[in-house]
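Scroll down for the structure; my scribbles are underneath it.
The numbers here are math on the coordinates, done by the rules we state, and not lab data. Bear in mind the structure is a predicted one, so any value in this text is a computation, not a measurement. Glycine gets a Cβ as well: all are built from the backbone with ideal geometry, and neighbour counts include every protein chain shown.
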Amino acid sequence: MSGLRLPAIGERLPDWRIGPFDAAALAAYAEVSGDDNPIHLDEGLALAIGFRAPPVHGMKLLAAFEPMLLAWRRDLFLARLSGKFVQPVTRGEAVTLTGRVLRASEQEGVFLRLLATGETRAPAIVGEALMIAPQRVGGR
């Protein structure tokens with residue numbers, strides 16, 4: 001990462017808002033992802049199971065961290081992204097994505113803790129990301 005400005009430990013990323021997600025957005029994601037589990041699409045089923053509305057696909061929410069991270073640091077490459085799904089976000093909810101730098105070094109890259117919260121502010125996803133400097137190929 002030579003020559004790049006390393007972020008400070010504890011630096012907070014700007015909040016990133018996504019959603020709310022409507023039925024059409026969930027149906028479109030189900031089609032392109034192949035995740036057509038009816039829990040995400042059938043309101044009657046979601047209500048019968050105890051949700052107030054169909055839950056948003058967890059991977060749709062996790063994937064939303066990528067543009068947030070790249071907007072924060074366009075000079076870094078997202079090398080790893082993972083998350084634990086803690087609580088569902090349901091159709092109609094907006095989501096706030098946040099992040100904080102836990103470690104930063106030229107050798108290991110920038111390691112971040114990520115959090116997605118729904119409108120209740122309860123964690124929906126607790127995640128981690130590793131961002132690194134792009135590597136030159138072929139000595140160029």
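Between V126 and D42, the simple label model (points 7 Å from Cα in the Cβ direction) yields a spacing of 3.3 nm. Of the two radii for region 39-78, the radius of gyration is 1.30 times the Kirkwood radius, both from the alpha carbons; that is the Rg over Rh value. Distance between the 7 Å Cα→Cβ label points at D75 and D15: 2.8 nm.
Length, then width, then depth: along the principal axes, the Cα atoms of the chain run 56, 33, 19 Å.
Each Cα pair under 8 Å and six or more residues apart adds its separation to the average, and for the chain the resulting relative contact order is 30 percent. The charge dipole of region 1-113, taken about the Cα centre with unit charges on the Cβ atoms of Lys, Arg (+1) and Asp, Glu (-1), comes to about 560 debye, rounded to the nearest 20.
Only helices enter the 222 nm calculation for the chain: every DSSP H run of n ≥ 4 contributes -39,500 (n - 2.57), and dividing by all residues gives -6000 deg cm²/dmol, rounded to 500.
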